[in-house]
Amino acid sequence: MDYVLLIEQFLNGFQLGIILFLMAAGLTLVFGIMDLVNLAHGSMFMIGAFVGGTIAAVTGSFVIGVVLMIPAMLLIGMAVEMTTLRTLYPRDHLDHVLATFGLILFFNAATRLIWGPEGLVVPLPDFLEGSVALGIGITYPVYRIMIIVVGLLVALGLYVLVAKTRIGMLIRAGASNRTMAGALGVNIPMLFSVVFGIGAVLAGLAGLIITPITAAQIGMGEDVLILAFVVIVIGGIGSIRGAFIASIVTGVIDTMGRSFLDVFLLLFLPENAAESAGPALSSMMIYILMAAILFFRPQGLFPPKGAQ
Amino acid sequence: MKDVIDLKSPANILTIIVVGLCAVVPFLAPALGEPFYVIVFARIMVWAIAAVSLNLIMGYGGMISFGHAVYLGIGAYAIGILAFHGVTSAWIQWPVAIGACAVISLIFGAISLRTRGVYFIMITLALAQMLFFLSVSAERYGSDDGLNILARSDFGVSFFSLEDNMTMYYTIFAFLLASVFVSWKLVHSRFGVVMRAAKSNETRVQAVGVSTYRYRLTAFVIAGVMCGIAGLLQANLERFVSPDMMNWPRSGELIFMVVLGGMSTLFGPVTGAFVFLMLSEILSTWTIHWHIIFGPFLVLIVLFARGGIAGLLTPRASRE
Amino acid sequence: MRKSFGGLTATDNLSLEATRGEIHAVIGPNGAGKTTLVHLLSGLLKPDAGEIMFEGRDITRLSAPARVNQGLARSFQITSIFREFTVLENVMLSVQAGQGHSFRFWRPAAKDESLRAPARELLERVGLGGRMDVKAGNLAHGEQRQLEIAISLATGPSFLLLDEPMAGMGLEESQVMIDFLKALKGDYTMLLIEHDMDAVFALADRITVLVYGRAIATGTPDEIRNDASVRAAYLGDEASGGTV
């Protein structure tokens, strides 16, 4: 097997994992702290791409698009939280699923109305075009390296935010004991809005940085959302660390599976069987992985404290 | 649980109207110059069967499956794939479709029922998407574009042919009534009592000596098979199957139909499917952006009309 | 028996024995390991060491439902009933469970006399005969506590594990419950976990005092009342105050 291709695909998988992490981090935070199942998180991914992409097109600078996307998504996320989701906290999970499902329909239709059905192509900024040589015969696109770097920085920032800062402390206090945090003078509703807004920014960032590769499309967040669900189920709901590890594992296994499973199957199966089973099996691999993990650990790899 | 049927309650009047319409539409619609409504009603009834099956586990058993539409897809693809390979006999097609749904719901149920709450929701969703992606990657069977079915299931007898649209329609109607009847029997049987009790208080059921897992799994499989029957009917009705039939928005819509009509009520899913699909039908003729109205409408239903239509139509005093 | 959680040992070297037909009470201050003991006996937790014998059989590794089927029923400290079901339906489900598997899919259970008759009889016996068609969630607190025990009785057990049956009760309600349990005495072996000292001394044949997961004393109510170590460790400050 070609080791250059192997390493390239590994990096692609890692990069997919980073995108998944940006999605899963917000989902798992919102779920862990507010106990809210939010399907509309996929819409934040999409809106981030369209809003940021439009700003980039108008200003002619992708970087400005990214920078301005952040406050925009924070506001949109907080607005969604304040108008709709806030009412849902005391409700059961079924209501969460239904209401946020309704939101998806709305956001998809609204996006179609504003940007039209074709989607939006966001060009790669010049300075991020091209590839760099990584030695031992491997060249890799600069832009994908940048995605990985940005994702790792965000992961680090999130860790610092939750573990070391005052707002992180409030988040953790709010998660473990709402009344207590409330009694300490924390504005819980505001805190939740901000947490939701941060989740929306992360999802929007993921959607925006992937668009130069895939273009922005209506409903683009939904497949990623389902993968992110797989990730947080594997990682354990509410755990940022679990989300990170599970994202990378899922991204790498999915990408590597799609590229190499048919080659791998050739070792056991006749050629035509391997060629037809390969794509089918590789599209199912991460779900099989999820089922296997759940079989042994029904609460995921890093179960939240007190969930037993 | 008392079943004193009050025929004059608004929810029941709506049920009677919907079921009555389903019964006479093949005669009524052409007479009114709207023959198009025959196929609309046939579709509604297929979805209603699927919704009834979901209500069985979700409404009565508390299992929120977010991947229930996958059994529609499995039932339909079983017909489509067999027909593609030239097997058109209903006596082979239907048992295969039902068997496939039973086996897959058994596997999916065995995995997902090990978990609870939101994990269950996400896992049923993910497992269903797995088969959705499998169907998308099946180039031989049309991938995204789906698969046309040239002939409907053949029962091999002259007096009963699904190729006759009237027969097709009333076959679906009969299965709809049968699905409600079967739910009614199940829910009130000893099995159904355990299922409802486990929804109400699972720890207590365990503490009187019943291990709930087997009962939940059995219910999950029964619902999967019932939904698979809806799928095989749909394949026959439309003469077409595609991955979209089991994509996750379909599962979400099924949940909505059940909730809209009123969870844990026998005919709720039927009226829910009717209202949901008629509303989609009407709104979508106004504008292609109809989801911009429909989405917020669904959100409002969740926020302000928890008991669905049945709840809205039931006077507050008699609610429990 | 021993059970530890991480570094914390909740139940240590605990040995208990209940004789057929008697009421054996377990008392102890908060954190003494009473709840852990209930979980160990009912099968929600498995002991790290030791064994649980029931009527000569080792049930240490049996699941919670399997233990009930062997005749070991429990009630819950926090009322655990089917609130949406009527009182009769609550007990009928339990009768049904006691009869074995419930994989019967067709015949309506509600009209089944083989379920109704025993359930009705039991409810008459526990004094809820007049409340059979009331929704369980609408019962008064004391009645719910009685129903809680009726559900456990309906599985046809020989052993009853009662987890604080007086929890949340006023004086009068407690007295009703004490009389109720007295009437059951002799028909069942009972392990009574309880905070209410009046109830314990009124009902128990033998008492075990649990402190930090260890049994510091076991004996008749009189022996326990006069045991110096018990008074020191537990009763001393509370005996004067009556009920806890």
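See the values below:
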| read-out | value |
| --- | --- |
| Unmet requirement for A:Thr111, which otherwise passes all of (1) in contact (Cβ under 8 Å) with a residue 24 or more places away in the chain; (2) away from chain B (no Cβ under 14 Å); (3) farther than 19 Å from A:Thr28 by Cα | (2) |
| Qualifying residue in region A:14-25 (condition: among the polar types (S, T, N, Q), under 20 Å from A:Arg112 (Cβ atoms) and crowded, with 24+ Cβ neighbours inside 10 Å) | no |
| Test: residue in region A:23-35 that is modelled with pLDDT under 90, more than 23 Å from A:Val160 (Cβ to Cβ) and within 14 Å of another protein chain (Cβ to nearest Cβ) | yes |
| Yes/no for C:Arg57 being touching a Gly at 6+ places or on another chain (Cβ under 8 Å) and either closer than 25 Å to C:His195 by Cβ or away from chain B (no Cβ under 13 Å) (or both) | no |
| Those residues of region C:72-85 which are facing chain B (nearest Cβ under 8 Å) and within 19 Å of the chain's Cα centre (by Cα), in sequence order | C:Ala73, C:Arg74, C:Phe76, C:Ser80, C:Ile81, C:Phe82 |
| Residue selected from region B:289-299 under the condition among the hydrophobic types (A, V, I, L, M, F, W, C) and within 8 Å of chain A (Cβ to nearest Cβ), by the criterion surrounded by the fewest Cβ atoms within 10 Å (Cβ to Cβ) | B:Phe297 |
| Filter result for the condition that a residue is more than 22 Å from B:Val302 (Cα to Cα), modelled with pLDDT of 90 or more and surrounded by 23 or more Cβ atoms within 10 Å (Cβ to Cβ), over A:Ile70, A:Ile47, A:Ile64 | A:Ile47 |
| The lone exception for B:Phe274 - which of (1) in contact (Cβ under 8 Å) with a residue 40 or more places away in the chain; (2) at the interface with chain A (Cβ under 10 Å from one of its Cβ atoms); (3) among the aromatic types (Phe, Trp, Tyr) it fails | (2) |
| Count of region B:251-281 residues which are assigned to a loop (DSSP other than H, G, I, E, B), crowded, with 23+ Cβ neighbours inside 10 Å and of a type outside the set (Ser, Thr, Tyr) | 3 |
| Looking only at region B:114-151, and only at residues there that are touching a Ser or Thr at 6+ places or on another chain (Cβ under 8 Å) and more than 24 Å from A:Thr250 (Cβ to Cβ), the one that is surrounded by the fewest Cβ atoms within 10 Å (Cβ to Cβ) | B:Arg140 |
| Helices (runs of 4 or more DSSP H) lying entirely in region C:47-126 (those with 2 or more residues that are assigned by TED's automatic domain parsing to the domain that holds C:Asn30, at pLDDT 85 or above and polar (S, T, N, Q)) | none |
| Candidate set: region B:25-59, residues that are outside any helix (DSSP H, G or I) and either away from chain A (no Cβ under 14 Å) or among the aliphatic types (A, V, I, L, M) (or both); chosen: the one farthest from B:Phe240 (Cα to Cα) | B:Leu32 |
| Members of region C:86-133 that are within 12 Å of chain B (Cβ to nearest Cβ) and among the β-branched types (Val, Ile, Thr) | C:Thr86, C:Val91, C:Val95 |
| Counted residues, region A:147-166 - those being buried (at least 16 other Cβ atoms within 10 Å of the Cβ) and not hydrophobic (A, V, I, L, M, F, W, C) | 1 |
| Identity of the residue in region A:274-292, more than 8 Å from chain B (Cβ to nearest Cβ) and buried (at least 20 other Cβ atoms within 10 Å of the Cβ), that ends up nearest to A:Val233 (Cα to Cα) | A:Ile286 |
| Residues satisfying the stated conditions in region B:111-125, i.e. modelled with pLDDT under 90 and more than 17 Å from B:Tyr213 (Cα to Cα) | B:Val118, B:Met122 |
| Among the residues listed as A:Ile55, A:Ile64, A:Ile76, the single one being assigned to a helix (DSSP H, G or I), touching a residue at least 24 places away in the same chain (Cβ under 8 Å) and among the β-branched types (Val, Ile, Thr) | A:Ile76 |
| Residue in region A:25-34 that is touching a Ser or Thr at 6+ places or on another chain (Cβ under 7 Å) and either without any contact (Cβ under 8 Å) to a residue 24 or more places away in the chain or outside any helix (DSSP H, G or I) (or both) present | no |
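Conditions tested, residue by residue: (1) of a type in the set (D, E, K, R); (2) more than 10 Å from chain B (Cβ to nearest Cβ); (3) buried (at least 20 other Cβ atoms within 10 Å of the Cβ); (4) in contact with a strand residue (DSSP E or B) (Cβ under 8 Å, 6 or more places away or on another chain).
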{"site": "A:Thr83", "(1), (2), (3), (4)": "no, no, no, no"}
{"site": "A:Arg86", "(1), (2), (3), (4)": "yes, yes, no, no"}
{"site": "A:His93", "(1), (2), (3), (4)": "no, no, no, no"}
{"site": "A:Glu118", "(1), (2), (3), (4)": "yes, yes, no, no"}
{"site": "A:Leu124", "(1), (2), (3), (4)": "no, yes, no, no"}
{"site": "A:Phe127", "(1), (2), (3), (4)": "no, yes, no, no"}
{"site": "A:Gly135", "(1), (2), (3), (4)": "no, yes, no, no"}
{"site": "A:Pro141", "(1), (2), (3), (4)": "no, yes, no, yes"}
{"site": "A:Ile145", "(1), (2), (3), (4)": "no, yes, no, yes"}
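The values are calculated or read from the model by the stated rules, or taken from the named source; none is laboratory data. Quick caveat: nothing in here was measured; it's all calculated off a predicted structure. Positions of Cβ are generated from backbone atoms using ideal geometry, with glycine treated the same way; all protein chains shown enter the neighbour counts.
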